[in-house]
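The values are calculated or read from the model by the stated rules, or taken from the named source; none is laboratory data. Just so it is clear, the model here is predicted, and its values are computed rather than measured. FYI the Cβ positions are ideal-geometry reconstructions off the backbone, even for glycines, and counts take in every protein chain you see.
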2 protein chains.
Amino acid sequence: MTSRINLQVRMRRFPQGRVDPADFELVEFPVPEPGEGEVLVRNEWLSLDPYMRLRMDPRRSYVEGLRLGDLMPGGTVGVVVASRDPTIPPGARVVGTRMGWQLWSCVPGSALRTIADNGVPLSTALGVCGMPGVTAHYGLFVVGRLRRGETVVVSAASGAVGSVVGQLARIRGARAIGIAGGAAKCRYVVEALGFDDCIDHRSPDFEARLADATPQRVDVQFENVGGTVMDAVLARLNEHARIVLCGLVSEYEQGPASGLRNTRELLVNRATLQAFIVSEHLDYWPGALEELAQWVRSGELRYREDVTEGLENAPAAFASMLQGGNFGKKLVRLDDDPVIEQGVQ
Amino acid sequence: MTSRINLQVRMRRFPQGRVDPADFELVEFPVPEPGEGEVLVRNEWLSLDPYMRLRMDPRRSYVEGLRLGDLMPGGTVGVVVASRDPTIPPGARVVGTRMGWQLWSCVPGSALRTIADNGVPLSTALGVCGMPGVTAHYGLFVVGRLRRGETVVVSAASGAVGSVVGQLARIRGARAIGIAGGAAKCRYVVEALGFDDCIDHRSPDFEARLADATPQRVDVQFENVGGTVMDAVLARLNEHARIVLCGLVSEYEQGPASGLRNTRELLVNRATLQAFIVSEHLDYWPGALEELAQWVRSGELRYREDVTEGLENAPAAFASMLQGGNFGKKLVRLDDDPVIEQGVQ
């Protein structure tokens, strides 16, 4: 039998402020054999998501933080190579959120979802037809309770979640205003994705332009960024507004630079701010995924991917993404054939 | 017929930061005759509440802000002197939230609630058995969804709302931790009101003491204060915590000194923060008022009033209250017989 070599990215040290590629280490070791109920997957795409930065913080996060030397957590899609779960045959395409930054994952079959051939590319199972898409869907419709004719403002509007939020809002018959960093992203959000407007948060008259774009004020604030961007939108809230707190990527690497100053707006507008994590609402996924795939097939829902080649480049790509360096859903394409055949045993 | 002279407190100028008694003016003019459907009330007690400071801000608040020269808004209890509303006879004791800072109020009968003789003092209709009590009841049980065995932390714990919040939590079988300013208030909150603990936010080890008092962390944060006090409680949130945003009195006079820094805690704990105003939930009042009065009669619910004598002293009392100078529900007792009989016609 040949022994195959796995490649993993692990956390070598806690980042100090901004993530540095030197915070990670690349480790090689043999691919394990699946135990009873387990499945061995060769990963084809790795998803990079902002929540991973929270896991690299020694403070309490959604779950326990990573320890030094731990495998970086992450979702992948791949193909089943060996299976001891009778419901998942070899050759199946699967997606899982507990796969990690590695070429091969050996996980319980219950941690996997088989991807039907539903006419959308495999990689979308990590984006528009995966966790980010369902996050947008659940956040906007359940947490945000968006109604026809209302106005939603979403930050990180060209990103994996934000791009879906605005398009779903338009499908629902609402007004969608994006916030993004730089003219190219803003143009894409309006021209390719069909948002009503998109404001560059780096522009000197950001707050005035946001006010111009929200003459009826803001009913749903879908927040991915935090900090001064979040504060600016709070200043535009309508009565009984809903703030969907999905992420605070501007604060993950440095903490809040100035603190949130417009708490008063939450009070006087009788607003509701609600944070959520979509993995706590698994019953919601099948219906949302079906709807998202249908809109992708019909062309109503567009997406953009930002692909980095090779697992060894994931740390630098992740560091860049946290600073807004990506343009669309950030993915790492894993090596086509990284298997190292060795004559051992 | 004799003409009676009314005395009113009006806003003379917008406060700059802290409220100054010179921001108000005392005005005399004849008491009006009630028109069709109106009722003339001689006020006995005026309630002073922090929300009034928001109304004195030229920025948008719950409702339109005051204009210069406007009567200060406020709730009173009093006795009906003349009535052209057939449902409210002269001699009735009434409470209303739209009465204003004045000795006589002429308002539509629909703006009044008749106070039954239910065995609690009349003044409580402005406190524990009135708007502040219902605010505590609705906020804790509906917005906060407090359950038996959970931990609630309430700021301004010796105040009109906070004192009721903690006692209701104990009645519900939850753990009640107060936050108040100074040792005397903290002692009162624990010894007289029966909270499990009360932390002085002025003490140098405030945050450490708060952590000690919340070993199971915080399920419901009932926020009346904002600023650094609010931030400290956010750092103790449990998963799926509810933050009841009732007031931000520390920010009304100066804006946020440092901004809210622990927004991340809302995110990672999947918390819900909800602001509310109890006047938007009028259906809730009768049941809550009945329950509150019953607990007051049985001695399970205690209260403390902080009384200032005379309408002319209301501005200074209000300014002091906003800086934490009151100890218990702030009331102004209006002059026993301020009527000036004049021989004019």
Tally, over the stretch A:272-301, of residues that are in contact with a helix residue (DSSP H, G or I) (Cβ under 7 Å, 6 or more places away or on another chain) and within 14 Å of chain B (Cβ to nearest Cβ): 6
Residue within the stretch B:82-90 that is of a type in the set (Ser, Thr, Tyr), out of contact with any strand residue (DSSP E or B) (no Cβ under 6 Å at 6 or more places or on another chain) and either more than 22 Å from B:Gly310 (Cα to Cα) or without any contact (Cβ under 8 Å) to a residue 40 or more places away in the chain (or both) present: yes
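Kindly evaluate A:Thr308 against the criterion of being crowded, with 18+ Cβ neighbours inside 10 Å, modelled with pLDDT under 95 and in contact with a strand residue (DSSP E or B) (Cβ under 6 Å, 6 or more places away or on another chain). Reasoning before the result, please.
On the way: crowded, with 18+ Cβ neighbours inside 10 Å: yes; modelled with pLDDT under 95: no; in contact with a strand residue (DSSP E or B) (Cβ under 6 Å, 6 or more places away or on another chain): yes.
So A:Thr308 does not fit the description; no.
With the structure loaded, tell me whether A:Leu260 is among the aliphatic types (A, V, I, L, M), in contact with a Gly (Cβ under 9 Å, 6 or more places away or on another chain) and farther than 22 Å from A:Ser61 by Cβ or whether it fails that test. Steps first, answer last, please.
Details: among the aliphatic types (A, V, I, L, M): yes; in contact with a Gly (Cβ under 9 Å, 6 or more places away or on another chain): yes; farther than 22 Å from A:Ser61 by Cβ: no.
No; evaluated as a whole, the condition is false for this residue.
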Search result, residues across the stretch B:258-268 that are of a type outside the set (D, E, K, R) and more than 7 Å from chain A (Cβ to nearest Cβ): B:Asn262
Any pair with Cβ under 9 angstrom, 6 or more apart, that starts in the stretch A:58-72 at a residue that is closer than 16 Å to A:Val27 by Cα and ends at one that is of a type in the set (D, E, K, R) and part of a loop (DSSP other than H, G, I, E, B): A:Leu68/A:Arg12; A:Leu68/A:Arg13; A:Gly69/A:Arg12
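Criterion first (acidic (Asp, Glu), modelled with pLDDT of 95 or more, outside any loop (DSSP other than H, G, I, E, B) and not assigned by TED's automatic domain parsing to the domain that holds A:Ser250) does A:Glu36 satisfy it?
Values: acidic (Asp, Glu): yes; modelled with pLDDT of 95 or more: yes; outside any loop (DSSP other than H, G, I, E, B): no; not assigned by TED's automatic domain parsing to the domain that holds A:Ser250: yes.
No; evaluated as a whole, the condition is false for this residue.
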Index of the failed condition, B:Thr87 passing every other in (1) more than 26 Å from B:Pro315 (Cα to Cα); (2) hydroxyl-bearing (Ser, Thr, Tyr); (3) buried (at least 16 other Cβ atoms within 10 Å of the Cβ): (3)
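Which members of the stretch A:182-197 meet the condition of being small (Gly, Ala, Ser) and either on the phi > 0 side of the Ramachandran plot or part of a strand (DSSP E or B) (or both)? Steps first, answer last, please.
Just the residues of the stretch A:182-197 that are small (Gly, Ala, Ser), to begin with: A:182-184, A:192, A:194.
Once the filter is applied, which keeps residues that are small (Gly, Ala, Ser) and either on the phi > 0 side of the Ramachandran plot or part of a strand (DSSP E or B) (or both), the stretch A:182-197 yields A:Gly182, A:Gly194.
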Checking A:Arg242 against (1) in contact with a His (Cβ under 6 Å, 6 or more places away or on another chain); (2) more than 8 Å from chain B (Cβ to nearest Cβ); (3) basic (Lys, Arg), the condition it does not meet: (1)
Residue ranges of strands (runs of 3 or more DSSP E) in the stretch A:198-299 with at least 2 members surrounded by fewer than 18 Cβ atoms within 10 Å (Cβ to Cβ): A:237-245
Test: residue in the stretch A:63-80 that is acidic (Asp, Glu) and under 22 Å from A:Asn6 (Cβ atoms): yes
Filter result (on the phi > 0 side of the Ramachandran plot and more than 21 Å from the chain's Cα centre (by Cα)) within the stretch A:10-63: A:Gly37
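Would you confirm whether any residue within the stretch B:72-91 is closer than 29 Å to B:Phe327 by Cβ, part of a loop (DSSP other than H, G, I, E, B) and among the acidic types (Asp, Glu)? Don't jump to the end; show me each part of the working.
First, the residues of the stretch B:72-91 that are closer than 29 Å to B:Phe327 by Cβ: B:72-79.
Now restrict to residues that are part of a loop (DSSP other than H, G, I, E, B): B:72-75.
Filter once more, so that each one left must be among the acidic types (Asp, Glu): none.
No, that holds for no residue.
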Which numbered condition A:Ala211 misses (of (1) in contact with a Lys or Arg (Cβ under 8 Å, 6 or more places away or on another chain); (2) within 21 Å of B:Thr263 (Cα to Cα)): (2)
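To keep it simple, each residue is scored yes or no on (1) in the same structural domain as A:Met11 (by TED's automatic domain parsing); (2) closer than 30 Å to A:Gly182 by Cβ; (3) modelled with pLDDT of 95 or more; (4) buried (at least 21 other Cβ atoms within 10 Å of the Cβ).
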| position | (1), (2), (3), (4) |
| --- | --- |
| A:Pro73 | yes, yes, yes, no |
| A:Met99 | yes, no, yes, yes |
| A:Gly109 | yes, no, yes, no |
| A:Ala116 | yes, no, no, no |
| A:Ala125 | no, yes, yes, yes |
| A:Thr135 | no, yes, yes, yes |
| A:Val142 | no, no, yes, no |
| A:Ala156 | no, yes, yes, yes |
Tally, over the stretch A:109-128, of residues that are assigned to a loop (DSSP other than H, G, I, E, B) and either in contact with a Phe, Trp or Tyr (Cβ under 7 Å, 6 or more places away or on another chain) or under 13 Å from A:Val165 (Cα atoms) (or both): 2
Members of the stretch A:76-94 found to be in contact with a Lys or Arg (Cβ under 8 Å, 6 or more places away or on another chain) and closer than 10 Å to A:Asn43 by Cβ, listed by number: A:Val77, A:Gly78, A:Val79, A:Val94
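When you check B:Ala211 against the structure, is it of a type in the set (A, V, I, L, M), more than 19 Å from the chain's Cα centre (by Cα) and away from chain A (no Cβ under 11 Å), yes or no? So that I can check it myself, show each step before the final result.
Details: of a type in the set (A, V, I, L, M): yes; more than 19 Å from the chain's Cα centre (by Cα): yes; away from chain A (no Cβ under 11 Å): yes.
So B:Ala211 passes the test.
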Lone unmet requirement of (1) over 27 Å from B:Arg55 (Cβ atoms); (2) part of a strand (DSSP E or B) for B:Cys106: (1)
Odd one out for A:Tyr284, checked against (1) farther than 30 Å from B:Gly65 by Cβ; (2) over 22 Å from the mean Cα position of the chain (by Cα); (3) not hydrophobic (A, V, I, L, M, F, W, C): (2)
Filter result (closer than 27 Å to B:Gly37 by Cα and of a type in the set (D, E, K, R)) within the stretch B:111-156: B:Arg113, B:Asp117
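Does the stretch A:300-325 hold any residues that are in a loop (DSSP other than H, G, I, E, B), more than 21 Å from A:Gly247 (Cα to Cα) and of a type in the set (D, E, K, R), and which are they? Step through it out loud before you land on a result.
Within the stretch A:300-325, the subset in a loop (DSSP other than H, G, I, E, B) is A:300-304, A:310, A:323-325.
Still in the list and also more than 21 Å from A:Gly247 (Cα to Cα): A:300-302, A:310.
Scanning the stretch A:300-325 gives A:Glu300, A:Arg302.
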Yes/no for B:Val134 being touching a Leu at 6+ places or on another chain (Cβ under 8 Å), closer than 17 Å to B:Val229 by Cβ and of a type in the set (A, V, I, L, M): no
